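What follows is a single structure, written as structure tokens, with notes after it.
The values are calculated or read from the model by the stated rules, or taken from the named source; none is laboratory data. Model, not experiment: these values are computed from the prediction. Note: ideal-geometry Cβ built from the backbone for every residue, glycine included; neighbour counts use all protein chains shown. We work out accessible area using only protein heavy atoms, side chains counted, and drop any ligands, DNA or RNA first. Shrake-Rupley method; radii C 1.70, N 1.55, O 1.52, S 1.80 Å.
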Amino acid sequence: MEMISGHVFIATSLDGFIARNNGDIGWLLERDDPSEDHGYDAFIDNIDVILMGRGTYESIRNVRPWPYTRPVVVMSSSLKGQQVPEDLVGKVQFSDKSPEQAMAMLEAAGNRRVYVDGGLIIQSFLLKGLIDDMVITRVPVLLGQGRSLFGAIPSDIALVHEETRSFASGLVQSRYRIAP
């Protein structure tokens with residue numbers, strides 16, 4: 001049986017930020033060209049469940065229609081005791097589990113491919129060796145400051161470059177596998 005695996009699909013500014021300090025991602029949305037296929041639909045077709053952090057959830061929790069077709073687990077100790085909004089019951093759940101506990105819980109439920117989304121969650125899963133590959137799309141804008149995709153790490157995490165594509169809009173997307 002296939003083991004559970006973690007996968008990242010995310011966009012950053014050219015200087016490595018996924019959001020402004022206040023969580024705003026307007027700089028990203030205004031540069032998204034709907035006529036370009038950046039591969040998200042093909043990516044999500046192979047995903048069983050989405051794990052995201054509180055910051056990511058808070059930035060999209062009021063978006064309707066709800067943008068996700070897969071179950072969402074929000075990793076947050078502060079949201080754990082709160083009620084899921086009524087229209088998201090059965091679509092979203094809150095969890096305060098560690099990365100390893102969350103993956104074990106999802107695997108026990110029959111999930112195999114997990115989309116890990118949100119800067120701090122991605123960082124924590126990378127440090128625990130729970131990410132298999134990453135698709136990172138660089139947006140041609142410099143923010144100067146904001147929420148970094150990658151924080152400080154205690155040692156190198158080696159990556160294997162698999163592919164890079166560029167788009168007419170100026171976006172550049174690279175796929176990396178985490179080296180064994």
Pull up region 28-62, narrow it to residues that are among the hydrophobic types (A, V, I, L, M, F, W, C) and open to solvent by 60 Å² or more (accessible area, probe 1.4 Å), then point me to the one that is nearest to GLY119 (Cα to Cα). LEU29
Counted residues in region 91-119 being assigned to a helix (DSSP H, G or I) and over 16 Å from LYS80 (Cβ atoms) come to 7
Can you pull out the residues in region 115-139 that are among the charged types (D, E, K, R) and more than 21 Å from GLU58 (Cα to Cα)? LYS128, ASP132, ASP133, ARG138
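Condition check ((1) within 13 Å of the chain's Cα centre (by Cα); (2) charged (D, E, K, R); (3) within 22 Å of SER148 (Cβ to Cβ)) across all residues:
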{"position": "GLY16", "(1), (2), (3)": "no, no, yes"}
{"position": "GLU36", "(1), (2), (3)": "no, yes, no"}
{"position": "ASN46", "(1), (2), (3)": "no, no, no"}
{"position": "GLU58", "(1), (2), (3)": "no, yes, yes"}
{"position": "GLU100", "(1), (2), (3)": "no, yes, no"}
{"position": "TYR115", "(1), (2), (3)": "yes, no, yes"}
Considering every residue within region 31-45, establish whether at least one is among the polar types (S, T, N, Q) and either free of Cβ contacts under 8 Å to residues at least 24 places away in the same chain or out of contact with any strand residue (DSSP E or B) (no Cβ under 7 Å at 6 or more places or on another chain) (or both). yes
Of the residues in region 76-133, those that are over 27 Å from ARG64 (Cα atoms), touching a helix residue (DSSP H, G or I) at 6+ places or on another chain (Cβ under 6 Å) and either of a type in the set (Gly, Ala, Ser) or exposed (fewer than 14 other Cβ atoms within 10 Å of the Cβ) (or both) come to SER124, LYS128
Which one of these is crowded, with 17+ Cβ neighbours inside 10 Å and without any contact (Cβ under 8 Å) to a residue 60 or more places away in the chain: ILE10, ILE25, ILE18? ILE25
Matching residues, region 2-23, being of a type in the set (A, V, I, L, M), under 18 Å from PRO140 (Cα atoms) and not in a strand (DSSP E or B): LEU14
Tell me whether region 75-94 contains one or more residues that are touching an Asp or Glu at 6+ places or on another chain (Cβ under 9 Å) and hydrophobic (A, V, I, L, M, F, W, C). yes
Is one or more of the residues making up region 140-157 open to solvent by less than 60 Å² (accessible area, probe 1.4 Å), within 24 Å of ARG61 (Cβ to Cβ), without any contact (Cβ under 8 Å) to a residue 60 or more places away in the chain and polar (S, T, N, Q)? no
